[in-house]
1. Please sort 3-10, 183-190 by packing, taking for each peptide the average over its residues of neighbouring beta carbons within 10 angstrom, highest first.
2. Starting with the fewest neighbours, write out 241, 16 ranked by other beta-carbon atoms found within 10 Å of each beta-carbon.
3. For region 180-188, what does the Karplus curve 6.51 cos²θ - 1.76 cosθ + 1.60, with θ = phi - 60°, yield as ³J(HN,Hα) per residue in whole Hz, taken in order and with x for Gly and Pro?
4. Sort 25, 253 so that the residue with the fewest other Cβ atoms within 10 Å of its own Cβ comes first and the one with the most comes last.
5. Give me 208, 219 ranked fewest to most by other Cβ atoms within 10 Å of their Cβ, as a rough exposure proxy.
6. Over region 6-106, how many percent of alpha carbon pairs lie in each 10 Å bin up to the one with the longest distance?
7. Can you list residues from other chains, or at least 5 along the same chain, whose modelled amide H is less than 5 Å from the amide H of residue 84?
8. Which of the pairs 191/235; 202/235; 27/86; 74/104; 104/155; 235/306 have their Cα atoms more than 24 Å apart in this structure?
Amino acid sequence: MSTQNPLWAYFPKGPLQNSVHHETWCKACVAHYEEEGAAALEEEISNADEATKLGKRQAALEAPHNSAGSIRCKKNCFVAHILGSKQQAPCPYASDEAKTEAMKQKKPSKDPHNKPTTKLKRQISSLDTDTLSEPSSSLSTPASESNPPLKKKLKQTELKRYTPRDMLLSNSEVEAIQQQALHAVVSTSSKEGLFEDVEMLKLIGMLRKEAVAIMLTARVLGGRLLDNEAKRVDKKLGDILRNQVLGISTDQWKDIKKNAIAAVCVNVHRKSYTLELQDVTALPKDGNAQCEEFEKMIERTEKEYKCIVIYLVTDADGGSKIFLPTCTNLSCNS
């Protein structure tokens with residue numbers, strides 16, 4: 001004969017809900033609502049006759065049950081009502097004995113040997129050990145043929161899969177993306193904080209989630225990354241110009257505020273490369289001063305890039321063509 005779960009002592013059975021389950025309530029909750037409504041009921045019927053009092057008291061028996069609410073007749077429902085769960089708070093009226101019993105039934109057994117799965121694993125392990133220890137030439141008995149050793153089922157580890165948008169970026173990809181971001185800012189004459197803009201980051205995140213975390217701030221873009229890229233370009237240009245015989249050209253531009261800037265370009269193999277940009281606002285513009293700057297420009301180019309400059313192209317402003325007979329000066333105006 002099976003024993004009844006001790007938790008039933010705190011959840012009295014009511015009428016059958018169906019052919020199997022009874023309707024039940026928490027005894028502590030019902031007692032609380034009965035006590036809460038008893039004083040108000042007696043005060044209400046104090047001046048009534050006996051028949052009215054009897055009828056009111058019988059009707060009041062159902063009110064505490066309705067206030068407490070019925071509970072499903074299952075052990076886990078009893079435990080959840082007493083101790084609480086993610087969906088509901090613990091019962092505030094449950095006794096200490098009820099809480100102790102619910103906690104005891106909620107906690108799993110600490111002894112691993114009592115678990116049925118552990119027992120099955122030990123049996124499988126012992127069978128596998130016995131099978132391996134027997135020599136291959138031994139004859140199988142009828143008992144062993146009728147009861148073959150159990151084999152442990154192996155379960156393949158579930159691999160984590162990434163969608164193309166969730167793919168992680170390698171170090172080389174991060175470096176290439178940041179380098180291309182710098183090229184995009186320079187090519188489009190955009191502000192250095194382009195990739196700090198919220199809408200731009202949203203757009204990049206729609207293409208690749210990891211790309212948002214590696215995009216450049218204005219400080220990095222206009223500082224370290226720009227310096228590194230300038231060094232790389234200078235090294236590449238040095239390899240192109242080394243031991244070459246070439247010519248250089250220069251010209252100046254002024255803005256509306258009379259600020260002047262001079263560009264120095266080199267021509268090798270019919271292709272032009274920019275060497276440097278100089279702020280020449282404060283420099284004198286007469287022929288002698290410009291000739292001195294041209295000489296320094298030629299010497300600096302030959303020394304830095306290990307090449308030979310054979311001609312200089314300028315617009316001859318300030319009469320510099322007259323004062324520089326030693327260098328072939330191909331005027332743009334001629």
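Since every read-out is calculated from the coordinates, none of them should be taken as a lab result. The structure presented is a predicted model; accordingly, all values stated were derived computationally and were not measured. Cβ coordinates were reconstructed from backbone atoms using ideal geometry, including for glycine residues, and neighbour counts include every protein chain displayed.
1. Details: 3-10: 13.2, 183-190: 11.6.
Per-residue mean Cβ counts within 10 Å order the peptides as 3-10, 183-190.
2. On the way: 241 19, 16 10.
Starting with the residue having the fewest Cβ neighbours, the order is 16, 241.
3. 5, 4, 5, 4, 5, 5, 5, 5, 9
4. Details: 25 21, 253 10.
Starting with the residue having the fewest Cβ neighbours, the order is 253, 25.
5. Values: 208 17, 219 12.
Ascending number of Cβ neighbours within 10 Å: 219, 208.
6. Computed distribution, short to long bins: 14, 40, 27, 15, 4, 0.
7. 91
8. Numbers: 191/235 26 Å; 202/235 36 Å; 27/86 22 Å; 74/104 16 Å; 104/155 33 Å; 235/306 12 Å.
Pairs exceeding the cut-off: 191/235; 202/235; 104/155.
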